[in-house]
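Asker: To start, I am sharing the structure in question, which I have written as structure tokens.
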């Protein structure tokens, strides 16, 4: 079945540094990937939609200069949290849609990245 | 725009008992409906989905859900739960033709031995 690999699974960084999170579709092509943020005991909040070869579409209230998204290939999207601060600590999850299937066949999610900024 | 309401934030249930996790949605267009399960510190795994056709949908791990258009509901059921079903369950909706999912706030299912 469709697999999405997300790395790293956990990362601790110092305040003011940047962190890159990778999301790879392993056995399918994904022209569209999604990045979510999940606060403790809460639902997933869509941050942005990543489109291969074009700029990402950010949801209202999400700082595009803070959360840089790059989708340079059909199998890889990256999220870079720039100048991280403790309030950026969260669980980040990506998902990918199989471009070869019809709309909403289903999305495959990565295993998530626990970011802790100290 | 779509929205999802999961009426119960926590559901405790004894092992081998049946369970129903409730989900209601609102939308002005036709929808696709999903249930996902999340184990601690992991991503989401698709349990089942409704796109069209039969309103009773069977998924993995013995779960099933029924789409009720008149009640705008998509409740998840399992006739006999196991300890391993302890997890967070999310109902999600997308408008037909849209690629974006809107999630409910989740229901934490705790199976008591």
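Read the figures in this text as sums done on the coordinates, not as results from a lab. These numbers come from a predicted model, not from an experiment. Neighbour counts are summed over all protein chains in view; Cβ atoms, including those assigned to glycine, are modelled from backbone coordinates with ideal geometry.
Asker: Packing-wise, with mean Cβ within 10 Å as the measure, how do B:52-64, A:71-83 rank, highest first?
Answerer: Descending packing order for the listed peptides: A:71-83, B:52-64.
Asker: When Cβ neighbours within 10 Å are restricted to other protein chains, what is their mean count per residue of peptide A:28-41?
Answerer: 2
Asker: Rounded to whole Å and sorted largest first, list the principal axis extents of the Cα atoms in chain B.
Answerer: Dimensions of chain B along the principal axes of its Cα atoms: 42, 29, 22 Å.
Asker: Multiplying the sequence separation of residue A:17 and residue A:5 by 0.36 nm and subtracting their Cα-Cα distance, what value in nm do you get?
Answerer: Length gained, residue A:17 through residue A:5: 1.9 nm.
Asker: Going by C-beta contacts inside 10 Å, put A:114, A:10 in order with the fewest on the left.
Answerer: Least to most surrounded, the residues fall as A:10, A:114.
Asker: Can you give the Rg and Dmax of segment B:1-54 based on its C-alpha atoms, in angstrom?
Answerer: Reported Rg and Dmax, both Å: 13.6, 39.
Asker: Residue by residue through B:43-54, how many Cβ atoms from other chains fall within 10 Å of the Cβ on average?
Answerer: Counting Cβ atoms of other protein chains within 10 Å of each residue's Cβ and averaging gives 4.
Asker: Further question: For the protein assembly as shown, take N as its residue count and report Rg(C-alpha) divided by 2.2 N^0.38 Å.
Answerer: Dividing the Cα radius of gyration by 2.2 N^0.38 Å gives 1.02.
Asker: Within 10 Å, count the other beta carbons around each residue, average over each peptide in A:39-45, B:28-34, and list them highest first.
Answerer: B:28-34, A:39-45
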